[in-house]
Amino acid sequence: MQRRPGTPSLLRELNDRSALELLLNGGPMTRAQLGEHTGLSKVTASQLLARLEDRGLVAVAGEQAGGRGPNAALYAVVPSSAYVAALHVEQHEISAGVADVTGTVVTQISVHPADAEDPVPLVRGAVMAACESAGVAPEALRAFVIGTPGVFDPRTGDPLLAVNLPAWHEGVLDSLRNDLHRPVTLENDVNLAAMAERSVGAAIGVDDFVLVWIGVGLGLATILGGRVHRGVGGAAGEIGYLPVPGMPLPEDLDLTQPATGAFQRLVGAQAVLPLAAEYGFAAPTAAAAVAAAVTATEAGQQRGADFLCELAVRVATGVASIAVVLDPGLVVLGGDVGRAGGVELASRVASDVGRFCLAKPHVVPTAVTGNPVLRGAILAAVDQARAELLDSVAEPA
């Protein structure tokens, strides 16, 4: 790459980018605060703020009182300088959100796929509905991140396996990009949930942890050094297929069907429901049954505690297998069942894992409110939009 000389124009670009990044990450600042953080003089800070204002990227957002003389103006990034869209696509529902470049969520909606199967019109329709709800023109969107269950090619980003979404196959990513005329990223849903956990949940600031997703299906997101570990073929985290003691191994995997691996048969929703019923917690979903058991336990009913103890041993069997390999330090239980189990389930899992292996991770329930997959997708999309916005300061106005 050819190096550019340290010309005044290049220095201006670097200063502008540095200031914009500070405002994006640190919120509103006065001219003096900006100069203090960047090491620039008041005159230079004023000049760069004027340039960013002229480009519509920064504006006065208020005043800071205190001290002698007039109040100092507070400068902030203009929220409408970029918008993003994020989707969580499931078999029977699509959750969509629009956020501005500051990370503020403008709207969140749910869309039912109806009879449509083609991903392109499905996504386009959900994005248009979200934009209409947010009052944002589709042309203002700078990035799209879509979370779905499945395995994705780490090289191309295309889906390799999406059992519940058979129409999401190789080539769909290019089709979406061509239709939306914007950068589009497809990501595994549990990986996105882990990103949300690290930003706003139980793993804030933690560089090494795992998220064990327990719901209808099972999943694992592994964060190492602050980055998602995907594996060579993108199949890292498909723990439904994890061999566990006492459960038969599948004779021949049918990848067109939901996971039938040993751990799925032990902890998946279809296994939790009959187990809960044995203890008197019949419910329409596994999460509802676990929530009822937690309530019963808190009320002093032994049957609730007994059910949670047996479920915890099952979950700990898989968590221990993960812990002896990774020793992650922190394990977050997510998904509908992990959320429903809360501290009552997490504490029992931690105790059992400590009995099974040398690693003794801290086990906690998810702390992300709302839809963690959509939240993670929004955060990822905002990061992309911010990177594009920062790059734009080097372009001619």
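The values are calculated or read from the model by the stated rules, or taken from the named source; none is laboratory data. If you're wondering where the values come from, they're calculated on a predicted model, not measured in any experiment. For neighbour counting, all protein chains shown are included, and Cβ atoms are generated from backbone atoms with ideal geometry for every residue, glycine included.
Of everything in segment 369-396 that is farther than 30 Å from Arg339 by Cβ and not in a helix (DSSP H, G or I), the residue that is modelled with the lowest pLDDT is Pro396.
Looking only at segment 25-52, count how many residues are farther than 18 Å from Glu63 by Cα and either crowded, with 16+ Cβ neighbours inside 10 Å or among the aromatic types (Phe, Trp, Tyr) (or both). Within segment 25-52, residues that are farther than 18 Å from Glu63 by Cα and either crowded, with 16+ Cβ neighbours inside 10 Å or among the aromatic types (Phe, Trp, Tyr) (or both) number 6. Residues considered: Phe356, Phe281. Of these, the only one that is among the aromatic types (Phe, Trp, Tyr) and modelled with pLDDT of 95 or more is Phe281. Among the residues making up segment 113-138, those that are at pLDDT 90 or above and either in a loop (DSSP other than H, G, I, E, B) or basic (Lys, Arg) (or both) are Arg124, Gly135, Val136, Ala137. Please find, among Leu330, Leu345, Leu311, Leu326, the residue that is outside the structural domain of Thr148 (by TED's automatic domain parsing), in contact with a strand residue (DSSP E or B) (Cβ under 7 Å, 6 or more places away or on another chain) and within 24 Å of Pro274 (Cβ to Cβ). On inspection, the qualifying residue turns out to be Leu345. Got a sec? Which of Ala76, Ala82, Ala72 is touching a residue at least 24 places away in the same chain (Cβ under 8 Å) and under 25 Å from Leu176 (Cα atoms)? Residue meeting the stated conditions: Ala82.
Segment 1-89 holds strands (runs of 3 or more DSSP E) entirely within its bounds, and those carrying 3 or more residues that are at pLDDT below 85 and either over 35 Å from the mean Cα position of the chain (by Cα) or not basic (Lys, Arg) (or both) map to 58-64. Only residues that are of a type outside the set (Val, Ile, Thr) and under 18 Å from Leu173 (Cβ atoms) were counted in segment 97-124, giving 6.
Scanning segment 377-388 turns up no residue that is touching an Asp or Glu at 6+ places or on another chain (Cβ under 6 Å) and over 21 Å from Asp208 (Cβ atoms).
Residues in segment 162-186 that are surrounded by 13 or more Cβ atoms within 10 Å (Cβ to Cβ), part of a helix (DSSP H, G or I) and either touching a residue at least 12 places away in the same chain (Cβ under 8 Å) or not basic (Lys, Arg) (or both): 7 in all. Quick check, is Asp208 surrounded by fewer than 20 Cβ atoms within 10 Å (Cβ to Cβ), in contact (Cβ under 8 Å) with a residue 40 or more places away in the chain and in contact with a Pro (Cβ under 7 Å, 6 or more places away or on another chain)? It is true that Asp208 is surrounded by fewer than 20 Cβ atoms within 10 Å (Cβ to Cβ), in contact (Cβ under 8 Å) with a residue 40 or more places away in the chain and in contact with a Pro (Cβ under 7 Å, 6 or more places away or on another chain). Filter segment 221-241 for residues that are crowded, with 18+ Cβ neighbours inside 10 Å and touching a strand residue (DSSP E or B) at 6+ places or on another chain (Cβ under 6 Å) and give the result. The answer is Ala221, Thr222, Ile223, Gly234, Gly237, Ile239, Gly240. Checked against the criterion of being over 12 Å from Ile214 (Cβ atoms), of a type in the set (Ser, Thr, Tyr) and over 28 Å from the mean Cα position of the chain (by Cα), segment 278-289 contains one or more residues that satisfy it. Modelled with pLDDT of 95 or more, aliphatic (A, V, I, L, M), under 18 Å from the mean Cα position of the chain (by Cα) and outside the structural domain of Ala96 (by TED's automatic domain parsing), is that true of Val145? Judged against the criteria, Val145 is not a match. Within the option set Arg303, Arg339, Arg355, being among the charged types (D, E, K, R) and either surrounded by 18 or more Cβ atoms within 10 Å (Cβ to Cβ) or outside any helix (DSSP H, G or I) (or both) holds for one residue only, Arg339. Of all residues in segment 182-190, one or more are among the basic types (Lys, Arg), under 23 Å from the mean Cα position of the chain (by Cα) and in the same structural domain as Ala85 (by TED's automatic domain parsing). Within segment 358-374, being surrounded by 18 or more Cβ atoms within 10 Å (Cβ to Cβ) and either under 19 Å from Leu218 (Cα atoms) or small (Gly, Ala, Ser) (or both) holds for Ala359, Val363, Val364, Pro365, Thr366, Val368, Asn371, Pro372, Val373, Leu374. Take Gly354 and decide whether it is at positive phi and free of Cβ contacts under 8 Å to residues at least 60 places away in the same chain. Answer is no for this residue. Whenever a residue of segment 92-104 is among the acidic types (Asp, Glu), its partners that are in a loop (DSSP other than H, G, I, E, B), lying with C-beta atoms within less than 8 angstrom and at least six residues away or across chains, give the pairs Glu93/His112; Glu93/Pro113; Asp100/Ala82. Restricting Ala293, Ala316 to residues that are buried (at least 21 other Cβ atoms within 10 Å of the Cβ), touching a helix residue (DSSP H, G or I) at 6+ places or on another chain (Cβ under 8 Å) and closer than 16 Å to Ile239 by Cα narrows the list to Ala316.
When the residues of segment 187-205 are filtered to those that are part of a loop (DSSP other than H, G, I, E, B) and in contact (Cβ under 8 Å) with a residue 24 or more places away in the chain, the one that is surrounded by the fewest Cβ atoms within 10 Å (Cβ to Cβ) is Ala202.
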